[in-house]
Amino acid sequence: MLLAGILLHGAMLPLTSIAQEDLPWPEHLTGHWEGEFGGMRYAEDWNKTGDSMYSGTSTTWRNDDIVGTERLCILRFSGQWLYLADPKGDQITCFVRAEAEGPVWVFANMEHDFPKRVGYRIEGDSLSGWIAGATDDDARMEFHLVRR
């Protein structure tokens with residue numbers, strides 16, 4: 001019931017047409033990525049867990065103490081790519097892929113308080129990401145990671 005409500009709600013977002021891809025973009029996301037975010041150590045770990053499903057975890061450390069974790073998932077459902085985030089372990093937020101151009105994917109949920117947009121750019125062993133408000137420049141927060 002929750003997923004159905006999320007999908008119906010997310011389906012109202014404008015989507016670009018999705019071309020057939022030889023290798024799905026999330027395939028390039030798999031692995032361990034690490035860098036800094038907000039002056040703290042930050043990492044994302046992504047694994048392929050199904051045909052069109054990728055599970056991730058983000059972890060933030062201050063010195064040696066974990067100060068935040070978030071469960072993540074990217075999956076293809078009903079012809080759309082979805083990005084699910086669960087920062088507190090009890091509240092999933094769904095973002096629908098709104099843009100896909102080469103190495104950049106942007107997911108959006110304009111009904112969410114913040115962020116409304118989540119973006120990733122993968123180039124080789126470099127991963128840049130951002131969260132933002134209604135536009136990519138609105139309260140934008142960026143992180144830059146490298147594959148380890």
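What's the local net charge at residue 45, with K and R +1, D and E -1, over the other residues with C-beta under 14 Å away?
Computed value for this residue: +2.
Non-local amide H neighbours of residue 41 (under 5 Å, H modeled in plane, Pro and chain starts lacking H): which ones?
Those qualifying (amide H under 5 Å, at least 5 residues apart or on another chain) are 61, 63.
Residues of the stretch 62-85 with the amide nitrogen closer than 14 Å to a label point 7 Å from the Cα of residue 104, along Cα-to-Cβ, please.
Counting backbone N atoms under 14 Å from the label point, the list is empty.
We did not get these values from a lab; they are worked out from the coordinates using the rules stated. It should be emphasised that the depicted structure is a prediction, and the values quoted were computed from it without experimental measurement. Backbone-built Cβ (ideal geometry, glycine too); neighbour counts: all protein chains shown.
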